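Chemist: Would you mind keeping the following structure in view while I ask a few things?
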Amino acid sequence: MATNQSVTKGSCFCKQITYQFEGEPVTKLLCHCSACKRLSGSLFALHYPIPPTNFAVTSGQPKTHKFIHPAGLAIEAAFCGNCGTWLYKQVEAKPFEDFYLVQAGTTDLEPGSEANGYWTGAPAVELWVTERAPWLAPVEGAEQRPGF
């Protein structure tokens with residue numbers, strides 16, 4: 001992992017697994033697919049795509065679960081075996097194969113503070129908008145994709 005950029009830290013809920021990444025995420029992706037809904041326990045998931053060379057687990061060992069997304073993509077989700085927090089996933093297909101998709105809610109950043117680019121501005125892309133809850137409005141200015 002490079003050492004000349006800002007470092008963002010994160011963890012699971014119970015703090016048994018911690019991680020860090022350097023630099024800003026490539027973009028912010030908001031996903032409404034059924035897999036993200038189930039893994040996150042919410043109506044969507046906010047992902048920070050981070051190159052693997054900029055990401056490191058710093059304590060603990062995540063468990064992983066491999067599955068095939070309904071769209072046919074192979075995905076490996078990393079989570080805490082103790083508290084169950086989903087931390088990041090790897091997708092074995094374009095356009096995500098070169099990134100860890102870090103779950104934004106697991107970062108130690110809070111709105112305000114030094115979070116800057118993470119919390120300012122909306123996600124750039126919404127994925128699987130055909131599965132978005134009908135009472136949720138599209139994110140203004142975000143590209144709206146029916147799938148990946």
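Chemist: Taking other Cβ within 10 Å of each residue's Cβ, how do ILE17, ILE68, ILE75 sort, fewest first? Working shown, then result.
Modeler: Values: ILE17 25, ILE68 11, ILE75 20.
Listing ILE17, ILE68, ILE75 from fewest to most nearby Cβ atoms yields ILE68, ILE75, ILE17.
Chemist: Along Cα→Cβ, 7 Å out, is where each label goes; now give me the distance between the ones at TRP135 and ALA56 in nm to one decimal.
Modeler: Each label point lies 7 Å from its Cα, and together they span 4.5 nm.
Chemist: OK, next. With the Cα gyration tensor of the chain in hand, give its eigenvalues times 5 under a square root as the equivalent ellipsoid semi-axes, listed largest first in whole angstrom. Don't jump to the answer; show the numbers that get you there.
Modeler: On the way: eigenvalues 103, 71, 44 Å².
Listed largest to smallest, the semi-axes of the chain are 23, 19, 15 Å.
Chemist: So what is the 222 nm mean residue ellipticity for the chain from helices alone, if each DSSP H run of at least 4 adds -39500 (n - 2.57) and you divide by all residues, rounding to the nearest 500 deg cm²/dmol? If you can, show how the numbers build up before the last one.
Modeler: Details: 1 runs with 7 residues, N = 148.
The helix-only estimate for the chain comes to -1000 deg cm²/dmol at 222 nm.
Chemist: So, by mean Cβ neighbours within 10 angstrom, what's the order for 52-62, 137-147, 76-86 with the highest one leading? If you can, show how the numbers build up before the last one.
Modeler: Details: 52-62: 14.5, 137-147: 11.8, 76-86: 17.7.
Going from most to least packed, we get 76-86, 52-62, 137-147.
Chemist: Cα-Cα pairs above 15 Å in the stretch 22-61: how many percent? Show your work: numbers first, answer last.
Modeler: Values: 421 of 780 pairs.
Cα-Cα pairs in the stretch 22-61 separated by more than 15 Å: 54 percent.
Chemist: Measure off 7 Å from each Cα along the Cα-to-Cβ vector at CYS14 and SER34, then give the distance between these two points in nanometres to one decimal.
Modeler: With each label point 7 Å from Cα toward Cβ, the separation is 3.0 nm.
Chemist: Using all Cα-Cα distances in the stretch 22-95, what percent lands in each 5 angstrom bin from 0 up to the longest?
Modeler: Percent of pairs per bin, in order: 3, 14, 23, 29, 21, 9, 1.
Chemist: For a footprinting-style exposure proxy, rank PHE44, PHE96 by other Cβ within 10 Å, fewest first. The partial results should precede the final answer.
Modeler: On the way: PHE44 21, PHE96 18.
Final ranking by Cβ density, sparse to dense: PHE96, PHE44.
Where a number appears in this text, it was derived from the coordinates with a stated rule and is not lab data. Everything numeric here is computed off the predicted structure, so don't read it as measured data. FYI the Cβ positions are ideal-geometry reconstructions off the backbone, even for glycines, and counts take in every protein chain you see.
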